[in-house]
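Q: Pasting a structure here, questions to come.
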Amino acid sequence: MINKSTSRETLTTAKLLWLASLATILAMTFNVDTIASGNDRNTRRPATPLRITDETPKIQIRSSMIGYRDTLIFYSLRDERAVVKVNLDNKGTTFPISATVFLFDPNAEQEGIDKWINNQHSDALFADALEPTSRYTLPPSKAKILSYSAAETVSDSAEQHIDYSVRFKIRATGQRGSFQLKTFKDNASVVVKKK
């Protein structure tokens, strides 16, 4: 005759051991998955805040060796190792606008980032320029022309152009765990061919 109480105890102990093993395996799997995906509280990288102010170093480019071009503005966020580029099209007075955020290695030298900026609007003179580790083009809804006015008529070698003062706004946007660009407004000079 089988002792039922001993069998039940053995069965219950086996079940408990099996459940404990399963719980341990699931917990280990969950921890590995969350760490690998960057969702663990201790490993989640905070989004870098990007604030463009009147003191932010910027370069505005509106001409090239062959004449006037789209206006490019590069905002260099030195402490954050980031560059925000705004492009204003000069084909007419609708001024289509776009913006892109470029992030560099946190240990990058500023000189290498400055060379990269120069290569974006020149003949890529610097072979040793750094390259961004990531880039993010803002959705069109995040960039808006607020106003514009004609400033003066200018000429290049063959044609006349109108220099416009353009006020624009870039609305806050970001990428989780990467960056958070704060809303900012600025003015640009955009030269449009006279018709």
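Q: List the residues, sorted by chain then number, that are 5 or more residues from residue 174 or on another chain and whose placed amide H is less than 5 Å from its amide H.
A: 181
Q: Where Lys and Arg each count +1 and Asp and Glu each count -1, what net charge lies around residue 166 among other residues with Cβ under 15 Å from its Cβ?
A: Numbers: positive: 58, 62, 69, 91, 144, 167, 169, 185; negative: 70, 89, 152, 163, 186.
Charge balance in the 15 Å sphere: +3.
Q: So which lysines pass the test for residue 85, namely a Cα distance under 22 Å, with those fewer than 8 places away in the same chain ruled out?
A: 58, 115, 142, 144, 169, 182, 185
Q: Please list 3J(HN,Hα) in residue order for segment 143-155, calculated via the Karplus relation 6.51 cos²θ - 1.76 cosθ + 1.60 where θ = phi - 60°; whole Hz, with x for glycine and proline.
A: Coupling constants for segment 143-155: 10, 9, 7, 8, 6, 7, 8, 6, 9, 6, 8, 10, 10 Hz.
Q: Using the Cβ atoms and a cut-off under 10 Å, what net charge is assigned to the surroundings of residue 128, where Lys and Arg are +1 and Asp and Glu are -1?
A: Numbers: positive: 115; negative: 111.
Counting the neighbours of residue 128, the net charge comes to 0.
Q: Kindly write out, for segment 157-168 in residue order, the coupling ³J(HN,Hα) from the Karplus curve 6.51 cos²θ - 1.76 cosθ + 1.60 (θ = phi - 60°), rounded to whole Hz, with x marking Gly and Pro.
A: Computed from phi, the couplings for segment 157-168 are 5, 10, 9, 9, 9, 10, 8, 9, 8, 10, 9, 9 Hz.
Q: Moving on to the next point. Quick one: what are the phi-derived ³J(HN,Hα) couplings along segment 110-116, Karplus 6.51/-1.76/1.60 with θ = phi - 60°, whole Hz, x for glycine and proline?
A: 4, 4, x, 5, 4, 5, 4
Q: Right, another one. Taking amide hydrogens as modeled 1.01 Å from N in the peptide plane, which residues meet the under 5 Å criterion relative to residue 151, leaving out close sequence neighbours?
A: Placed amide hydrogens put 163, 164, 165 under 5 Å from residue 151.
Q: Sticking with this one: What are the residues whose amide H is under 5 Å from the amide H of residue 52, where those residues sit 5 or more places off or on another chain and H is modelled from the backbone?
A: When sequence neighbours closer than 5 places are left aside, the close amide H contacts are 182.
The numbers here are math on the coordinates, done by the rules we state, and not lab data. All values derive from a computational prediction rather than experimental measurement. Please note: Cβ atoms are built from the backbone with ideal geometry, for glycine as well, and neighbour counts cover all protein chains shown.
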